[in-house]
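Colleague: My structure is below; once you've seen it, I'll send some questions.
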Amino acid sequence: MVSTTGARALVSVGTGVTAFLFATAVLAAALTPQIAFSVVVAVPVGVAMGAVVGLLSWTQLWDHASLRPLLFGTSAAGYVLVCGAAVTYAVPQARGYLTVQRAVAAAGVVGIAVFIATRARRRTDTAQRG
């Protein structure tokens, strides 16, 4: 497992982005029946949650090698969601095909695949070291 500063930064930002998206979506959906503009409340909470998770990922979680596959998978899912949103914004023809449900499904598949691949690589690296 490569533990460079670049990978650590990429994973920390990715986990923060994933936490931001998750917290914002859940809170906005939960508050919609009570508050008309629930996103106004959800976005600042999501930003705070993303910042806390990103900092925890950088300072605490990265040091535990057993958590790195989970961190890589979580950050990959967030990046896929951001890329999906960028594609639907930039390419009007993709809006009918790339829905929120499909982007979330793709993010889940990619996140799980990255988790499995990173975990397999970690096991291979550990076995080779003896």
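Colleague: Set the Förster radius R0 to 41 Å, insert the Cβ-Cβ distance between Arg122 and Val52 as r into 1/(1 + (r/R0)^6), and round the FRET efficiency to 0.05.
Modeller: Details: r = 26 Å, r/R0 = 0.63.
So, using R0 = 41 Å, E works out to roughly 0.95.
Colleague: Please report the net charge: other residues with Cβ closer than 10 Å to the Cβ of Trp62, K and R +1, D and E -1.
Modeller: Net of charged neighbours comes to +1.
Colleague: Grab the Cα-Cα distance for Gln101 and Val26, subtract it from 0.36 nm times how many residues apart they are, and report the gain in nm with one decimal.
Modeller: Working: separation 75, 0.36 × 75 = 27.00 nm, distance 1.44 nm.
Extra length available between Gln101 and Val26 comes to 25.6 nm.
Colleague: Same structure again: Mind checking the full-extension length gain between Ile35 and Ser66? Use 0.36 nm per residue of separation minus the Cα-Cα distance, one decimal, nm.
Modeller: Working: separation 31, 0.36 × 31 = 11.16 nm, distance 4.09 nm.
Roughly 7.1 nm would be gained on extension.
No lab work stands behind these numbers, since they all come straight from the coordinates. Small disclaimer: the values here were computed from a predicted structure and weren't measured. So basically every Cβ, Gly included, is an ideal-geometry build from the backbone, and we count neighbours across all protein chains shown.
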